[in-house]
Amino acid sequence: MGKYYIIDFDSTFISVEGLDELARISLKNSPGKIAQIEQITKDGMVGKIGFRESLEKRLQLIVIRRQEIVKTVKLLKKNITPSILRNKKFFKQNRDNIYIISGGFEELIFPVVEDFGIKKENILANKFIFKGKKVVGFDKSRPLSQAQGKAEAVHRLELDGEIIVIGDGFTDLEIKRLGFAQIFIAFIENVSRESIVKAADLVVRDFDEFLFLEHISSDLSYPKSRMKVLLLENIEPLAAENFIKEGYQVETFREAFSEEELIKKIRKTSILGIRSKTRITENVVENAKKLKCIGAFSIGTDQIDLTKATNAGVAVFNAPYQNTRSVVELAIGEMIMLLRGVFDKSNKAHKGVWDKTALGSNEIRGKTLGIIGYGSIGSQLSVLAESLGCKVIFYDKVEKLSLGNAKKAYTLDELLKKSDIVSVHVSGDKKFNTNLISEKEFSKMKDGVVFLNLARGFIVDVPALLKYIKNGKIRGAGIDVFPGEPKGADEPFITELAGLPNVILTPHIAGSTEEAQRNIAEFVSGKLIDFINTGNTYLSVNFPNIDLPKQGNSHRLLHLHKNVPGILAQINSILASHKINITGQYLKTNEEIGYLITDIDKKYDTKLLGELKLIPDTIRFRVLH
């Protein structure tokens, strides 16, 4: 006795309905008929009409020629379900026990599945009748053309063993209900029908999950469909789309979560995406036992307890460069608007006041711009401001190479005393940068200075800023960040800076352009996916950075451990004791942890995995197929 797998074709093996795609090609100039055919297909799938009726109705609406069948086959080959495609090895290894069953037509099916090693005699389907190059009907003697046809076709096989049916429709479920299969598995990677899911013995999101539940070797170490991604704070939808394409379960929320809310939600989360408002505290990390990585869809990572994440084996990635241009453009725009007093004049014009004076209206050309913090944003601002005719000076605690003609200020006081415009672009390190610009710093600025803070709210002492705006020392200010910010649009925003003349207040949007958000979503989701798929940590903010080569024909062992002597020797000793051939090995450490990646031949005793996990000072161990 063996185990047999009866696999549906349409919307299971392929992601579309074959006959519907043939109809679209044959009826490309008749959208009304195409819509009729799609509705008939849906009615048949959920059992509203019998299958023979569904088939006849559809074929009555289509004129089919051989050339259109050829075109359809080419299209279907491009629409093989991704998880089926990556598990081609399973089909070839089990070719004798796999049957493709469909109410579709073998002329469409066999050319698609033959590359998987599936035998033609193991395809249970309908067959067209041709007259010359034109389809004139179908073979009505085949059971698949009749009501309960799939069940009857399986019954006629007289298979001696356990029969598992994998499909998405009523006719697949019917095989089990009529007693000709032991298990019906609802396959929902492409389509999920509520009535079918409720009646199924098991539900799988993709073929990897099916193989995992069957304890069958897969091309993936662990099915992504069983891994949950949680995206908070209205992250650009492109990120969710990228995770969904990879097969993950994805849940998105527009707002930030409190610590208590996040602790409740994160217990089953493998990948977390946040922006700047959600705090990843020690308590959150301790309750996130399945969490493998965090993506900060922003520049800063000060909202994350990096030490705790590192010690828990959670990799953190951010977007260090993807929104720099957006921040810089807003800074330049605000400088020009503030020097010209544009917002005040605009408000007067809206009220019917014609304030055409040039008094207090100046060009940016020739002004000295002082940039505090010369990282990716500060340095790019330097280049653009210089191209507008500014003299640029900058101050940074870390030694930085100046760009263009920018000059380094050796003290913050020097920069403050020389600058006509001061723009702050330091990191979100609260320990060093809280109230970095306060009473003392404002008092040392030039009279009539323009001041911008597009970095972090806690960097500036707001009462001191208010004082110097009111006494006229600061002629204009652009503030994008605040010590206390609303969690969402429903919460009111209150600041003592409201209503002041020549003050631009923006709701933390310096980096929020469509271009920047798409770039961030693409970059950070890509880094998180790459880490899960390959173990790659390049540009991680808390793990040793390793830019790995492709895995090749091997298994990859990822061993994260405390940075103590002797770990590498212990690992290699265990591998040697099991006579394991190492095809590649990569080790990098930082002050706290070591990250060792070892590629080995696929044939090994799995006992060694347990031994590697038990090495003292191991933080996390993972295997990639």
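Please tell me if F13 is at pLDDT below 85, in contact with a strand residue (DSSP E or B) (Cβ under 7 Å, 6 or more places away or on another chain) and either surrounded by fewer than 17 Cβ atoms within 10 Å (Cβ to Cβ) or under 30 Å from E209 (Cβ atoms) (or both). No, not satisfied.
If the condition is being over 18 Å from the mean Cα position of the chain (by Cα), crowded, with 22+ Cβ neighbours inside 10 Å and more than 20 Å from E236 (Cβ to Cβ), then the range 286-304 contributes only A288. Counting only strands (runs of 3 or more DSSP E) that sit completely within the range 408-485, those holding 3 or more residues that are more than 16 Å from E496 (Cα to Cα) and either of a type in the set (K, R) or out of contact with any Asp or Glu (no Cβ under 6 Å at 6 or more places or on another chain) (or both) correspond to 421-424, 449-453. State which residue is farthest from V623 (Cα to Cα) when the search covers only the range 576-612 and only residues that are hydrophobic (A, V, I, L, M, F, W, C) and outside any helix (DSSP H, G or I). Only one residue fits best here, namely I593.
Restricting E56, E38 to those that are among the acidic types (D, E), under 14 Å from G103 (Cα atoms) and assigned by TED's automatic domain parsing to the domain that holds R193 reduces the list to E56. The set of residues from the range 246-289 being charged (D, E, K, R) and touching a residue at least 24 places away in the same chain (Cβ under 8 Å) comprises E246, R254, E255, E259, K265, K268, R275, K277, R279, E282, E286. Residues in the range 559-574 that are more than 11 Å from D617 (Cα to Cα) and either polar (S, T, N, Q) or under 35 Å from the mean Cα position of the chain (by Cα) (or both) were compared, and the one that is surrounded by the fewest Cβ atoms within 10 Å (Cβ to Cβ) is S573.
When residues in the range 426-447 are screened for being within 35 Å of the chain's Cα centre (by Cα) and either more than 20 Å from S379 (Cβ to Cβ) or acidic (D, E) (or both), 4 of them pass.
For the range 501-522, a tally of residues being surrounded by 17 or more Cβ atoms within 10 Å (Cβ to Cβ) and closer than 30 Å to G360 by Cα returns 6. Among the criteria (1) surrounded by fewer than 22 Cβ atoms within 10 Å (Cβ to Cβ); (2) assigned by TED's automatic domain parsing to the domain that holds S83, the one E251 does not fulfil is (2). Contact map, the range 560-573: first residue in contact (Cβ under 8 Å) with a residue 12 or more places away in the chain, second residue among the polar types (S, T, N, Q) and crowded, with 17+ Cβ neighbours inside 10 Å, Cβ cut-off under 8 Å, separation 6 or more or different chains; pairs are L560/T618; H561/T618; I571/T598.
Of everything in the range 91-148 that is polar (S, T, N, Q) and in a strand (DSSP E or B), the residue that is surrounded by the most Cβ atoms within 10 Å (Cβ to Cβ) is S102.
The values are calculated or read from the model by the stated rules, or taken from the named source; none is laboratory data. Note that the coordinates shown come from a computational prediction; the quantities given were computed from them, not determined experimentally. Please note: Cβ atoms are built from the backbone with ideal geometry, for glycine as well, and neighbour counts cover all protein chains shown.
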